[in-house]
Amino acid sequence: MENNYDLIIIGGGPAGLTAGLYGSRAKLRTLLIEKMLAGGQIATTDHVENYPGFMTGSGQKLTEIMENQAKKFGTGFIMAEVTDVHLAGNEKIISTSQGQYKAPAVILAMGTSSRKLNVPGEEQFLGRGVSFCATCDGAFFEDLPVMVVGGGDAAVEEAIYLTRFAEKVFLVHRRDALRATKVVQERAFAHEKIKFVWDSVVDEIQGENLLERVVVKNVKNGRVKEIAVNGVFVYIGFLPNTGFLSGQVQLSENGYIIANERMETSLPGVFAAGDCRQKLLRQVVTAAGDGATAAFAAEKYLEELR
Amino acid sequence: MSTKLFEVNKENYQEEVVGSKLPVLVDFWGPRCAPCLALMPEVEKLALEYAGKVKFCKLNATENRRLCIDLKVMALPTFLFYKSGEVVDKLTADEVTKESVCDRLKSFV
Ligand SMILES: Cc1cc2nc3c(=O)[nH]c(=O)nc-3n(C[C@H](O)[C@H](O)[C@H](O)COP(=O)(O)OP(=O)(O)OC[C@H]3O[C@@H](n4cnc5c(N)ncnc54)[C@H](O)[C@@H]3O)c2cc1C
């Protein structure tokens, strides 16, 4: 009995935490399963200023409040990785490293993971210069030159963060203009430590014991050059964490979960919320909105089931 | 129930880690590393479970940067596993979860 719930939420980012808050306030027995860090991706960034009601602060601070809010109303939390699910039928079975859990309704809120460069040297220097988390690893690069790859919000914001430590930050982007929000772009352009390398992609990461240089290719003229850096921070986009669903719910071509306005997926009783869903804008505020809607729709679904 | 991990630093690393008779696990963390902080209570539970078999240490990487670089640790969280003064296993960055630490510990002792 103790592993039976009304609602199980997979993933503890802003989407899952908000779903937990709404689910438990609706008096559903709610369990949230998170493999590592409650708070999700945003908890690894130092500076959030576009979540309304939260002027500015670290993502960790923001999601700590979300987590406490969900706990206050009774959401149960476990740290475990979901490895397999059985979502068809009235009883959904969620298998994790810590055992099986069951519920008639499930919210999928697994978010995304960083896309890798897939170039020679990336694996070899992972943890020795190649990083996907500037707040985790930035301080190692005090007074050293580093590189950030990408041109979106995450890349540019983390490049600005890294200027606190690094001697110089090369921002390598495959186009000749950034995609990041305008205020963020302006800050980056104004920063003397950030040097832009336009129209370029990373070809190879090299070094002996530690990372020493990156081979970069200009995509317009094919010219190749070496840039001496000791760290490479990769922010070239994301991939949805939907692998373990193995096609049980309908996914987009790129693996994102397809859900309607009520966050319903192609299976009854299975809802999706946040960045793992096919949608236009992937942000904390939209993840939270999705989480609220998904929990509300799950509540209505459970009422009808009874 | 949990216990605090044994704090090591550049001064005592040689003696407490490299010179330890027991196998050692070192948890490299930093105050801004959110995944590190999330995992710490779980590692403390494991320390209790493995008491007397594995010595559990933690090292604040931001205060011991040179030592980390010498150990080729430039990402957090990182776990190093030592036997008789030698690094025999390593988990770093994305590889680190509660599960992977548990699994490596099992094969370690
Ligand atoms: C560097 C960076 C900066 C950003 N800055 C901003 C910003 O300033 N403002 C903003 O609004 N947005 C920002 N974003 C985007 C924001 O982080 C995301 O939109 C938001 O975190 C999405 O929330 P989510 O809950 O959908 O997914 P996530 O936050 O990705 O959370 C998903 C959670 O599910 C867990 N999970 C995945 N698979 C499993 C499994 N099998 N079992 C158990 N748990 C699992 C993961 O561990 C993770 O904790 C930024 C993103 C990055 C990377």
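Look at the range B:1-30: where a residue is closer than 16 Å to B:ASP70 by Cβ and a partner is among the hydroxyl-bearing types (Ser, Thr, Tyr) and not in a loop (DSSP other than H, G, I, E, B), sitting 6+ places away or on another chain with Cβ atoms under 8 Å, you get B:VAL17/B:TYR82; B:VAL18/B:TYR82; B:VAL26/B:TYR82; B:PHE28/B:THR78.
Only one of the numbered conditions (1) free of Cβ contacts under 8 Å to residues at least 40 places away in the same chain; (2) more than 9 Å from the ligand (Cβ to nearest atom); (3) aliphatic (A, V, I, L, M); (4) crowded, with 22+ Cβ neighbours inside 10 Å is not met by A:ILE65, and that is (4).
Go through A:ALA109, A:ALA180, A:ALA159 for me and flag whichever is in the same structural domain as A:THR44 (by TED's automatic domain parsing) and crowded, with 16+ Cβ neighbours inside 10 Å.
Details: A:ALA180 fails: in the same structural domain as A:THR44 (by TED's automatic domain parsing); A:ALA159 fails: in the same structural domain as A:THR44 (by TED's automatic domain parsing).
Going through A:ALA109, A:ALA180, A:ALA159 in turn, the sole match is A:ALA109.
Yes or no, residue by residue, for (1) more than 14 Å from the chain's Cα centre (by Cα); (2) within 12 Å of the ligand (Cβ to nearest atom); (3) closer than 14 Å to A:GLY23 by Cα:
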| position | (1), (2), (3) |
| --- | --- |
| A:ILE258 | yes, no, no |
| A:GLU261 | yes, no, no |
| A:GLU264 | yes, no, no |
| A:CYS276 | no, yes, no |
| A:ARG282 | no, yes, no |
| A:THR286 | no, yes, no |
| A:ALA295 | yes, no, yes |
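If only residues of the range A:31-62 that are within 13 Å of chain B (Cβ to nearest Cβ) and among the polar types (S, T, N, Q) are counted, the one that is surrounded by the most Cβ atoms within 10 Å (Cβ to Cβ) is A:GLN41.
Counting only residues that are surrounded by 15 or more Cβ atoms within 10 Å (Cβ to Cβ) and within 13 Å of chain B (Cβ to nearest Cβ), the range A:79-94 holds 4 of them.
Here A:GLY57 fits the description: free of Cβ contacts under 8 Å to residues at least 24 places away in the same chain and either within 11 Å of the ligand (Cβ to nearest atom) or of a type in the set (Lys, Arg) (or both). Here A:ILE33, A:ILE42 are screened, and the one residue that is within 11 Å of the ligand (Cβ to nearest atom), in a strand (DSSP E or B) and among the β-branched types (Val, Ile, Thr) is A:ILE33. When the range B:64-86 is filtered for residues that are more than 13 Å from chain A (Cβ to nearest Cβ) and either surrounded by fewer than 18 Cβ atoms within 10 Å (Cβ to Cβ) or farther than 21 Å from B:GLY52 by Cβ (or both), the ones remaining, listed by number, are B:LYS83, B:SER84, B:GLY85, B:GLU86. Among the residues of the range A:147-206, those identified as of a type outside the set (A, V, I, L, M, F, W, C), within 14 Å of another protein chain (Cβ to nearest Cβ) and either away from the ligand (no atom under 16 Å from the Cβ) or touching a helix residue (DSSP H, G or I) at 6+ places or on another chain (Cβ under 6 Å) (or both) are A:GLU158, A:TYR161. Only residues that are within 11 Å of the chain's Cα centre (by Cα) and surrounded by fewer than 21 Cβ atoms within 10 Å (Cβ to Cβ) were counted across the range B:24-42, and they come to 1. Just give me the residues in the range A:125-146 being at negative phi and more than 10 Å from chain B (Cβ to nearest Cβ), in sequence order. Within the range A:125-146, A:PRO145, A:VAL146 meet the criteria.
Any idea which residue in the range B:12-35 is farthest from A:GLU81 (Cα to Cα), counting only those that are in a helix (DSSP H, G or I) and modelled with pLDDT under 95?
Of the range B:12-35, the ones in a helix (DSSP H, G or I) are B:13-18, B:34-35.
Still in the running and modelled with pLDDT under 95: B:34-35.
Values: B:ALA34: 18, B:PRO35: 15 Å.
Only one residue tops the list, namely B:ALA34.
Flag: A:ASN209 matches the condition of being touching a residue at least 24 places away in the same chain (Cβ under 8 Å) and loosely packed, with under 15 Cβ neighbours inside 10 Å.
Restricting to the range B:46-62, give me the number of residues that are within 11 Å of chain A (Cβ to nearest Cβ) and at pLDDT 95 or above. Full working, then the answer.
Applying the first criterion (within 11 Å of chain A (Cβ to nearest Cβ)) to the range B:46-62 yields B:60-62.
Within this subset, residues satisfying the condition of being at pLDDT 95 or above are B:60-61.
Residues in the range B:46-62 being within 11 Å of chain A (Cβ to nearest Cβ) and at pLDDT 95 or above: 2 in total.
The values are calculated or read from the model by the stated rules, or taken from the named source; none is laboratory data. Computed from a prediction, not measured in an experiment: that's the story for all the values here. We place every Cβ from the backbone using ideal geometry, glycine too, and count neighbours over all the protein chains shown.
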